[in-house]
Structure formats: structure tokens, C-alpha cells
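**Q** Provided herewith is a single structure, encoded as C-alpha cells, for subsequent inquiry.
No lab work stands behind these numbers, since they all come straight from the coordinates. Predicted, not measured: the structure shown is a model, and the values here were computed from it. Note: ideal-geometry Cβ built from the backbone for every residue, glycine included; neighbour counts use all protein chains shown.
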Amino acid sequence: MASGRRSSQRFIRQFLIRSSRAAAVTALTISVWIASASAAPTEKLLHAFHATDGAGPGALVSDSAGNLYGVAGIAGDASNSSCTYSVGTGCGTVFELSPTSSGTWQTTVLYRFTGGTDGSGPADLAIDATGNLYGVAEQGGEAEGCVLPHGCGTIFNLTHGSAGWKFEVLHTFTGGTDGSAPGALTLDSAGNLYITAQSGGKTTPFCGIGCGTIFELSPSGTGWSSRTLRIFDWSFTYYGAENPVGRVTLDSAGNLYGAAGGGVYNDVWSATFGVIYELTPTASGQWDQVIVHDFCPQSFVCTDGAVPEAGLTFDSNGNLFGTTAAGGFLSIGTVFELTPASDSTWTENTVYTFSGGSTGGIPVSSLIFDGNGNLFGTTAIGGNENCSCGVVFELTPGSGGRTLSVLHSFSGAIDGANPSGLLLDSLGNLYGTTVYGGINTTTCPELCGVVYELPGVDEQVHRNL
């Protein structure tokens, strides 16, 4: 039986990537209301990557001065052959975009990864109130005991002083109880870092190199203390979470919520389709795991969604919102809501089912709220019929449920393709990145991604509703 089980984060993700373009073109259209073109804000290109400054940028963070910071997962250093890709060499970068008085943006590479003890493949970034940056690199580190060929990853810090930016490795993953392949991190108000390690921890016949962990770094004097909050596990006698993805989200009591693979074994598909989990601290110092929701436990059609690939977002009432990359009527993703009850259980409701075509499909990034309760997100495919390169969307609440508005459809050219997560500033401007697209240059013939802005989203969209 074990050999017949297909993990959602391995099998289904590969299937989605192979079939995404076809799904977007051939999907049946579900009747939805879409905002008129006049309501959509005009995308503004802030930066197009050209390999020497990195490629494949991820989600952004910002400081109080309006500067943007992010990571580019590959390339960035023409002189470093430790990491070689079709778009160039280099092991990734940390970059800054700063607004200028002329209305343009200046791009600065703050750090270029070498693939050695510093790490390789930066995946996520956080910023504290003083402007210090914290991040994770999925590979590299050269820790003794790590069995992964390219390293088990690192946690790093960039601090800004009079002499510029200083880079420091805070932790090197070993692939043991601390985990490996850190893919996301969350910074709380006390300065604690919660890291989602996608593998490592407990090695089992079902998880291969490990089911993953949630790892914590806490400020301690002049240094850091570390501990593993949860080592994930899955078996046919224990339908737990495995291989966590995305950032964890904290509630006011300090409980952690996140998305992962695993869950109940679906006999129809011979697969698991993922879970939403809660981790609760106990008096003994251990963290208990509760499965808040199992996706598609027995159904042939996963109407509640399948394969969550991103972190979760709380609304002002304590409800959790998230996305799944698969499931729904056409199997190209959903937006869901989880509502808590007084008995500590949660009820899942599918807020929106993606239909492909102009409305997009396969959402793989977290959602964000504005002050009016509107949800913003991105999809990896759909939109422009000549490209199926993804969209930025808004879900607006109303008496009949939430209504979808497409704010931008990516063309795959200078505006980008396949968007990642979003950042909303206090003026209602949306900022984001795309993994591909941009400007075709000799250093980046395959188009290395962009940073973009959708100015005045709240003002422009809602004025036209």
C-alpha cells in the first residue's frame, strides 16, 4: 500500500505544471462577475531582472520609508559557477528597490549568495521594525551530517549600518531534528523567527528525506537560541501533516497555523491532498498538533480544494483564509475560509472556485486583506489568452458572497509572467513580482522576472464598482 501512495506536494504539483496551459485554454467558463477594464489599475514596471542581479524573484517586504526588499532565487553572479542555470550563474540575491524623486526606482543588490556556508537559493524574507532583514535559503550551508547533495539550507540576517549591509548566517540546517530545505519564515512582534522546513526531521518510508519541521529562532542576549517546535510525521496509521509549505500565521494567543501535505488517505485517488494544521504550545514546552481541515479526504471531485501551497491569512473576525493550487470543480484551485466554533472545531467553506480562462487558475501564493475586507491574490495561470501567464485578482464581499475582479492579466512580455505574492501599502498600492517575463536581453534571454506596481488599487477599483 505504501508504494501506491502519491504525496500531494510531489505528484499533483508536477501534474499541474505540465497541464496548466492546456487547462487554462480548455476549461469551461463558470459565470462570474468581472470588473470592467476601465476599473482595473494600470500596471507599472519597477524593475526587470537581467540575471546579473538575480532571476525568479519572490515575495516582497517594505520598510517605513517605502523601500522594497526581496530575494531572487537564482543567478546573480556571473563569476560564480557554483550554481549554474540556463539564465546564468549565481546562487541568488537579496535586492532593494528605492523610490527616487523623479518617480523611478533604483535597484541595489544587497547580497549575492555563493552557494557555500552562506546558502543558496534564497526563498523568503522578513523585516523588523528597525529595518533588519531576515531570510532563508533552501540549499547550501555545508552542515556536517546533511545528506542533501546541495546542502540543507540556512537562516540569514542582513543588518544595515554606517558601513553598509552586513550579512550573517544565524543557523545552518543539518537535515536532522532541525529540518532541511527552509522555504518560508515568519517574524513575530517579539523578534522570534518561525521557519517552515519542508523536509528533514523524521525520516520515514512515506516522507523519504523527512516529513519537515517548524523550527524557531529566538533572540537570546547577544545571540540566538533555537528549538524545533514540531517534527511532522505521516503513516497509514497516523494521518498527520507532512512537508509543510508557506509561512505560518500566529493568532493572538501565540498558536501557529499553516498548510502542509499529508492528511487523510484518499482511496479513490490513492493520494493525500493536504491539510491545514494548528500548533499549540503546552506547559511542558512541547507543541501539540491539531488538523484543522483535511482536503478531499474521500471524494473523486475535490470541491473543498486540494494541495494548499501557501500560508494563511486571518481576517478581523478570526477566520482563516487561504488558497489551494488544485481542487474545485475544474481542479485548478480554490479560495477557502475556515471559521472557528466555540468547541475549537473549524468549518471550511469554499469562497471561490477558479475556472481558468480570463479569471485565472492555480493560486500558489498567500492572500492579503485591505481595510475594507477585500481579498487580493494571484494565480499562476490564466488571464491573457495568448499566454495564460496568470492574473492579479480581488475578491470583494457582498450580500451574495464574494465577487471576483481581475485587476491585471499578465502578457508574458515586459509586464511579467506567473506572479508571486503581493504587498499592499497604506495608500492602496499593490506591489508584486513575477517569476518570469520582463525584458529580453542577452544576459537573460528567457526573461528573468519583474517587480511591478498596481497603483491606487482601492481608489481606482472601488470608484468604478
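**Q** Once the piece of chain linking Ala129 and Arg402 is laid out straight, how much longer is it, given 0.36 nm per residue of separation minus the C-alpha distance between them? Intermediate values should be presented prior to the final figure.
**A** Working: separation 273, 0.36 × 273 = 98.28 nm, distance 3.38 nm.
Full extension of this stretch gives 94.9 nm more.
**Q** Subtracting the Cα-Cα distance from 0.36 nm times the residue separation, let me have the gained length for Ser426 to Thr280 in nm, one decimal.
**A** On the way: separation 146, 0.36 × 146 = 52.56 nm, distance 3.21 nm.
Stretched out fully, the Ser426 to Thr280 stretch lengthens by 49.3 nm.
**Q** Taking neighbour counts of Cβ atoms within 10 Å as a proxy for exposure, in what order, fewest first, do Thr42, Thr359 appear?
**A** Numbers: Thr42 11, Thr359 25.
Ascending number of Cβ neighbours within 10 Å: Thr42, Thr359.
**Q** Can you give the FRET efficiency for Lys44 and Thr159, using 1/(1 + (r/R0)^6), R0 = 30 Å, r = Cβ-Cβ distance, to the nearest 0.05?
**A** On the way: r = 31 Å, r/R0 = 1.02.
So the FRET efficiency works out to roughly 0.45.
**Q** Hey, fewest Cβ within 10 Å first, where do Glu144, Glu242, Glu394, Glu309 land in order? Walk me through the intermediate numbers first.
**A** Values: Glu144 6, Glu242 29, Glu394 23, Glu309 26.
The fewest-first ordering by Cβ neighbours comes to Glu144, Glu394, Glu309, Glu242.
**Q** Right, another one. Would you kindly work out the equivalent ellipsoid of the chain from its C-alpha gyration tensor and give its semi-axes, the square roots of five times the eigenvalues, largest first in whole Å? If you can, show how the numbers build up before the last one.
**A** Working: eigenvalues 174, 171, 95 Å².
Gyration-tensor ellipsoid for the chain: 29, 29, 22 Å.
**Q** About the Cα centre, and with charges only on the beta carbon of Lys, Arg (+1) and Asp, Glu (-1), how big is the dipole of the chain? Nearest 20 debye, please. The partial results should precede the final answer.
**A** Details: 15 positive and 37 negative charges, 171 e Å.
Rounded to the nearest 20 debye, it is 820 debye.
**Q** Moving on. Considering the Cα trace of the stretch 225-378, what is its radius of gyration and what is Dmax, both in angstroms?
**A** Over the stretch 225-378's Cα set, Rg and Dmax evaluate to 15.4, 52 Å.
**Q** Taking the beta-carbon count within 10 Å as an exposure proxy, list Thr323, Thr280 from fewest neighbours to most.
**A** Details: Thr323 31, Thr280 15.
Listing Thr323, Thr280 from fewest to most nearby Cβ atoms yields Thr280, Thr323.
**Q** Could you work out [θ]222 nm for the chain from helices alone, using -39500 (n - 2.57) per DSSP H run of at least four and dividing by all its residues? Round to the nearest 500 deg cm²/dmol.
**A** On the way: 2 runs with 21 residues, N = 465.
After summing the helix terms and dividing by residue count, I get -1500 deg cm²/dmol.
**Q** Next up: Measuring from the lowest to the highest alpha carbon on each principal axis, how far does the stretch 107-253 reach, largest first, in angstroms?
**A** 56, 39, 30
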